[in-house]
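Single-structure report; data block below.
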Amino acid sequence: MKPVQTVVEMRGITKRFPGIIANDNINLVVKKGEIHALLGENGAGKSTLMNVLFGLYQPEEGEILINEKPVKITSPSVANDLGIGMVHQHFMLVEKFTVTENIVLGNEPKSGLQIDMQSAIKAVEKLSNQYGLKVDPRAKIEDISVGMQQRVEILKTLYRGADILIFDEPTAVLTPQEIVELIEIMHNLVKEGKTIILITHKLKEIMAVCDTVTIIRRGKVIDSVGVKDTNPDDLAAKMVGREVNFRVDKKEANPKEVILSVENITAMGNRGVNALNSISLEVRSGEILGIAGVDGNGQSELIEVLTGLRKASSGRVLLKGQDITNKTPRVISESGLSHIPEDRHKHGLVLDFPMSENMVLETYFHPEFNKNGFLDYAAIDKHASKLIEEFDVRTPSIHTPARALSGGNQQKAIIAREVNKDPDLLIAAQPTRGLDVGAIEFIHRRLIEQRDKGKAVLLLSLELDEIINVSDRIAVIYEGQIVGIVDAKQTDEQELGLMMSGGKRMQGGGNGE
Amino acid sequence: MNRVIAIFTKESFLVPVAAIILGLLTGAVAMLAGGFNPIQAYASLVEKVFGSSYNFGETIRQITPLIFTGLSVAFAFRTGLFNIGAEGQFIIGMIASTAVGISFDLPAYIHAPLAVIAGALAGGLWGAIAGWLKAARGVNEVITTIMLNWIALYFANYVVKAFYLQEGQQRSEMIKDSASISFAWLSQMFDSARLHWGTLLAILAAVFFYILLWKTKSGFELRAVGLNPHASEYAGMNVNRNVVNAMFVGGMFAGIGGACEILGVFHYQSIMAAQPGYGFDGIAVALIGGNTPLGVILGAILFGMLTFGAAGMKFGAGVPVELIRVVISSVIFFVAAHGIVKFFIKPLLQKKEGGN
Ligand SMILES: Nc1ncnc2c1ncn2[C@@H]1O[C@H](COP(=O)(O)OP(=O)(O)OP(=O)(O)O)[C@@H](O)[C@H]1O
Ligand SMILES: [Mg+2]
């Protein structure tokens, strides 16, 4: 038998950014046909390393061998020629184009001077079937789900002949069902002889699909082990450098007066039909109410109505007894509501602003920072330094643009800002998406701390274990209505799963009044 | 000393300088191809600009409106808006100050400032129309500002013809002396080149631009909306109001520019057959200047020198005006295409990286 071939070897890679060594003498060996996981804390340098491999960054030191031959990967197109493809966490698709048009863009099959769309569609269809991707080549990107868009990105790399596929946190944006399907696709790819490098923070996924895992901490390789020879606790400890507690420890909730009460809210969704159908719920001081549901059952619309970004056509929202229905986001925010948005790049941060300015995005006009229309930048900087220290946001400086921070640290910064507003109600939407286990533990503790301080917390998440572990009560949303409310301690994924598919309506139906 | 070196090797400084050099080289190639002597041409450009105190003064006059329109475009751009309408705002500023300058009889210390303020407000409102259409109706500002340019041109011509026409001429009457902002004393020093207080106003406008955007609460909002309107809305800012405000301030800069041309340079308003072009050149100036106030001033100086010096190239080396436009365009092209320029200066930058 032939020994297994090494397809990627990175030797002594060092990449520096101003004020930080993102990759510090990194060695990585990937064998043909394996799924190789890269694991590490937020900001450890995983994306940077893969961007080096894909030719987006040039390392200061080190060399790369592809199929045992030394190469210089000076640009993504060189990487393409070497058979390397990358699926970024943020997709790069043209919304108005069809699936096929996106895939062949820059590589169009021609007949004469014309693009031969028919043969392009055929080629895409063939690839899609070969790997079980089930993509409709004629659909427009704007009409398909995030999960499908990701598959288009995968097809794009395959169409360009990639044999080595890099996935940067592919599952962070997927629903649980889509994750199961993606794992299947990855298995198909490997079966067909492809090699996959997978960045993920989810230890479960690593244990389920990967062969080898390389752990990076603060830019250095800590270890590279076979998945068979390790376990989640061990991996977490290696990655964070200490024991990680997966169980969420919390005291019994002590709910008091009602903080948020949503009464029969109806609101139109983007598609012109009602996304919220007379929904009602209550959150009390000192409790965490989790909202579980299959993506697209009105979760986003509910948050938008609560935060003033979407108009409700009927019903009332009361915050501490005060009517905030259809008020402006500013008024609502000032009456004691904080919000950790689901899409941190689009809604949470101004990426080109320095961290310091991002930390006062909602409070810059307060007398603390605003002196007769002029901003007190000394006060703003001091405020930012304090928050960044307190919430352990890893950034070279408070004047670094938000864009340069790793995803996890961006999220920590947003949470710092929102919690610091000392709200009565904290809405957290997918607060731990894309975070490492250490950071997840940290954020869960912060949410519970808010609860214990007597705040009301509304948690929305697609991850059922997060909902079950962190919440005190769980409301299940289905087609814009709450179909049941359960005690978090007395439920499990099966029961929730059933309710989420509209299968079982709990007695009491509405909001338990 | 090290600080100074650091500034001069900074990418933000190196790139435009390299772009200018590349542009001038490309222009030289074009001139060679056309059978002209580029060295002689550039020499006569420099000669034209710096050769006599009159011409030097006139170069400053040429630069001044470009600072205003450059600031106008840059300011809107900072809020994420593409203001193609500096031209129209400039014209409306002209006609407003002409009207005030002719119609009133006031002491100079009131009359002149009043005429400038009229130009500023008129230009600002003209810009705000496009801002309002965008905010309230979602109409793209590129389209509305272009249309407003033409409306401004014909409206101004109509006003001159209907109310202020100088008998038998294609222009308005003269404005009252009390409204003039000419700087007589300085003019004399420069051989009666048409220098005026507007140049000082332009510098002040750039300072105002900087303070407003980077020191005030409103500027914080304007920049946030420009960079990420979604996050700004989430953070409770009123995106639409900021769009209108940004277009108003942008229009105000252009409007003052127009007012200064009337009150400081011509002292009357001509019936225009075509757009004066300062607004369009302002787009290029803002681009060269990277939409920063200091950059706009430097960009306007470059642009003003090139356009004014062009006459010298024509006389000194026989280069036709069209070819001079090619030189100017090459400079803009290289500034806009950072990528290409960075490619050329890569060795320089890498050496620097190795150094520290
Ligand atoms: N373009 C950049 N400019 C400056 N610093 C950067 C840049 N890109 C990354 N960094 C820094 O390099 C470090 C590594 O970032 P990287 O994005 O590789 O982390 P990561 O391991 O992918 O983290 P996450 O899991 O949060 O995505 C971080 O400290 C980050 O702030
Ligand atoms: Mg990353």
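Total residues in segment A:169-221 satisfying the condition of being in contact with a Leu (Cβ under 8 Å, 6 or more places away or on another chain), away from ligand 1 (no atom under 16 Å from the Cβ) and among the β-branched types (Val, Ile, Thr): the figure is 5. Condition check: under 21 Å from residue A:481 (Cβ atoms), within 14 Å of chain B (Cβ to nearest Cβ) and at pLDDT 95 or above. Does residue A:289 satisfy that? Spelling it out, it is not the case that residue A:289 is under 21 Å from residue A:481 (Cβ atoms), within 14 Å of chain B (Cβ to nearest Cβ) and at pLDDT 95 or above. Suppose the filter is surrounded by fewer than 21 Cβ atoms within 10 Å (Cβ to Cβ), of a type in the set (Val, Ile, Thr) and either without any contact (Cβ under 8 Å) to a residue 24 or more places away in the chain or within 16 Å of ligand 2 (Cβ to nearest atom) (or both); does residue A:78 pass it? Yes, satisfied. Filtered by the rule that a residue be under 21 Å from residue A:256 (Cα atoms), basic (Lys, Arg) and at pLDDT below 90, segment A:473-504 gives a lone residue, A:489.
Within segment A:352-384, the set of residues being at pLDDT 95 or above, surrounded by fewer than 19 Cβ atoms within 10 Å (Cβ to Cβ) and at the interface with chain B (Cβ under 7 Å from one of its Cβ atoms) comprises A:374 only.
Summed over segment A:399-410, residues that are within 12 Å of ligand 2 (Cβ to nearest atom) and within 14 Å of chain B (Cβ to nearest Cβ) total 1. Applying the selection to segment A:334-351, what residues are at the interface with another protein chain (Cβ under 7 Å from one of its Cβ atoms) and in contact (Cβ under 8 Å) with a residue 60 or more places away in the chain? Once the filter is applied, which keeps residues that are at the interface with another protein chain (Cβ under 7 Å from one of its Cβ atoms) and in contact (Cβ under 8 Å) with a residue 60 or more places away in the chain, segment A:334-351 yields A:341, A:348, A:349.
Exactly one residue out of B:304, B:312, B:282 is touching a Lys or Arg at 6+ places or on another chain (Cβ under 9 Å), under 17 Å from residue B:73 (Cβ atoms) and either part of a helix (DSSP H, G or I) or outside the structural domain of residue B:162 (by TED's automatic domain parsing) (or both), and it is B:304.
Of all the residues in segment A:323-333, those that are within 11 Å of chain B (Cβ to nearest Cβ) and either surrounded by fewer than 18 Cβ atoms within 10 Å (Cβ to Cβ) or β-branched (Val, Ile, Thr) (or both) number 5.
Here is a yes/no grid of residues against (1) touching a helix residue (DSSP H, G or I) at 6+ places or on another chain (Cβ under 8 Å); (2) more than 16 Å from ligand 2 (Cβ to nearest atom):
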site	(1), (2)
A:179	yes, yes
A:186	yes, yes
A:193	no, yes
A:228	no, yes
A:232	yes, yes
A:239	yes, no
A:246	yes, yes
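Would you tally the residues in segment A:105-137 being out of contact with any Lys or Arg (no Cβ under 9 Å at 6 or more places or on another chain), surrounded by fewer than 21 Cβ atoms within 10 Å (Cβ to Cβ) and assigned to a helix (DSSP H, G or I)? Final tally of qualifying residues: 10. Taking segment B:183-268 as the region of interest, the helices (runs of 4 or more DSSP H) fully inside it that hold 2 or more residues being more than 28 Å from residue A:377 (Cβ to Cβ) are B:184-189, B:198-215, B:239-260.
Restricted to segment A:477-490, and to residues that are free of Cβ contacts under 8 Å to residues at least 60 places away in the same chain and not in a strand (DSSP E or B), which residue is nearest to residue A:422 (Cα to Cα)? So the residue we want is A:489.
All conditions but one from (1) more than 13 Å from ligand 1 (Cβ to nearest atom); (2) buried (at least 17 other Cβ atoms within 10 Å of the Cβ); (3) among the hydrophobic types (A, V, I, L, M, F, W, C); (4) within 14 Å of chain B (Cβ to nearest Cβ) apply to residue A:387; the one that does not is (4).
On the given criteria, is residue A:474 under 28 Å from residue A:298 (Cβ atoms), in contact with a helix residue (DSSP H, G or I) (Cβ under 6 Å, 6 or more places away or on another chain) and in a strand (DSSP E or B)? Before the answer, list the steps.
Working: under 28 Å from residue A:298 (Cβ atoms): yes; in contact with a helix residue (DSSP H, G or I) (Cβ under 6 Å, 6 or more places away or on another chain): yes; in a strand (DSSP E or B): yes.
Against the criterion (under 28 Å from residue A:298 (Cβ atoms), in contact with a helix residue (DSSP H, G or I) (Cβ under 6 Å, 6 or more places away or on another chain) and in a strand (DSSP E or B)), residue A:474 qualifies.
With respect to (1) within 16 Å of ligand 2 (Cβ to nearest atom); (2) within 14 Å of chain B (Cβ to nearest Cβ), the lone exception for residue A:37 is condition (2).
The values are calculated or read from the model by the stated rules, or taken from the named source; none is laboratory data. Note that this is a predicted model, so its numbers are computed, not measured. Note: ideal-geometry Cβ built from the backbone for every residue, glycine included; neighbour counts use all protein chains shown.
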